[in-house]
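Undergrad: Okay, here's the structure, questions in a sec.
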Amino acid sequence: MPQITFWGHSCFLLSENGKETILLDPFISENPLSPVNVEEVKADYILLSHAHWDHLGDAYDLAGKNGATIISTSEIAKQAIKDGFKAHAQHLGGRHKFPFGSVKLTLALHGSGIAGGHACGFVVDYYGKKIYFAGDTGLFSDMKLIGELDSLDVALLPIGDNFTMGLDDAVIAASFMQAKVVIPYHYNTWPLIEADPKEFKTKVEDKTGSYCIILDPGSSYSF
Ligand code: NI
Ligand code: MN
C-alpha cells in the first residue's frame, strides 16, 4: 500500500515497499518540526512547488546525494540543471508520465521564489493512487476543476494562514477537491502560522464529504 509520511511544515514522503520514493518540498534541516535528519533521507524524485526557502529546503543536497530527479516548473528545473542536478521541467496544466505513474502541475496562487517563475501544485499518480498537493496557495475557485478532472484519493492542503489559505478557506478548498481524505499542512511551524488542525478536521467532516486525517510530524497514512 502506498504511504504518505509527514515530516512537518510542507514536507511529505510518498513511499511503497521497495518502490520509487517521492519527496515533496524537502524542508528538513531547518524545519523545527522535522523528526528526521537530512543525512538519513533517501528519495528518487523531489517535487518542488516553488523556490521559497521553506520549500526548496534541502532539495539540492538530497538531489546530489541520492541522484534524485527534481520535478518542478521550468524556471526552477532549469536553474537546478544549471547548478548541476538532475531535473525534469514541466509547467502549469502539463502532465508527464514517470515509472511510478505521472505528475501534473496545477495552478497555485503564490510567488515562485525565482525570477520569472510561477508557483505550482501537483496531482501525483503514485502507483495508481491520486494525491493532490496544493503547494503554497490562496483559495481559488478553479480548484473545483482540479477535483473534477482527477478523482483524488488524498488532498494535502495548507491551513496556516498569513502566507497561504487559512483554515476556513482550506475547508472550502476541501469541498472543491472532493478527495476521500484531506490532510492539513503548513501550520504550527512558527507562531505566525498557528492553526488548530482539530478545528480543521471538525469543519471538513461537517461541511464536506471528505474524511480528515491529522498527521503529526513523523507519522504516516497508508491508503
Ligand atoms: Ni512560499
Ligand atoms: Mn511556505
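Undergrad: Under the condition of being surrounded by 13 or more Cβ atoms within 10 Å (Cβ to Cβ) and of a type in the set (Gly, Ala, Ser), which residue from the stretch 195-219 is nearest to Asp153 (Cα to Cα)?
TA: Going through the qualifying residues, I end up with Ser210.
Undergrad: In this structure, does Ile172 turn out to be surrounded by 15 or more Cβ atoms within 10 Å (Cβ to Cβ) and more than 28 Å from Glu20 (Cβ to Cβ)?
TA: So Ile172 passes the test.
Undergrad: Using the structure shown, decide if Ser141 is on the phi < 0 side of the Ramachandran plot, out of contact with any strand residue (DSSP E or B) (no Cβ under 9 Å at 6 or more places or on another chain) and of a type in the set (Gly, Ala, Ser).
TA: yes
This table checks each residue for (1) among the charged types (D, E, K, R); (2) surrounded by 17 or more Cβ atoms within 10 Å (Cβ to Cβ); (3) within 16 Å of ligand 2 (Cβ to nearest atom).
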residue: Thr5; (1), (2), (3): no, yes, no
residue: Gly8; (1), (2), (3): no, yes, yes
residue: Leu23; (1), (2), (3): no, yes, yes
residue: Phe27; (1), (2), (3): no, yes, yes
residue: Asp44; (1), (2), (3): yes, yes, no
residue: Ser49; (1), (2), (3): no, yes, yes
residue: Leu56; (1), (2), (3): no, yes, yes
residue: Gly67; (1), (2), (3): no, no, no
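Undergrad: Considering each of Gly113, Gly138 in turn, give the residue that is touching an Asp or Glu at 6+ places or on another chain (Cβ under 8 Å) and closer than 27 Å to Lys78 by Cα.
TA: The conditions single out Gly138.
Undergrad: Just give me the residues in the stretch 19-48 being among the polar types (S, T, N, Q) and closer than 22 Å to Asp136 by Cβ, in sequence order.
TA: Ser29, Asn31, Ser34
Undergrad: With the condition kept exactly as written, say whether any residue in the stretch 119-128 is within 16 Å of ligand 2 (Cβ to nearest atom), outside any strand (DSSP E or B), closer than 11 Å to Ser49 by Cα and touching a residue at least 24 places away in the same chain (Cβ under 8 Å).
TA: yes
Throughout, read-outs are computed from the coordinates displayed, never taken from laboratory work. Everything quoted here is computed from the prediction, not taken from an experiment. Because the Cβ atoms are built from the backbone with ideal geometry, glycine has one as well, and the counts that use them run over all protein chains shown.
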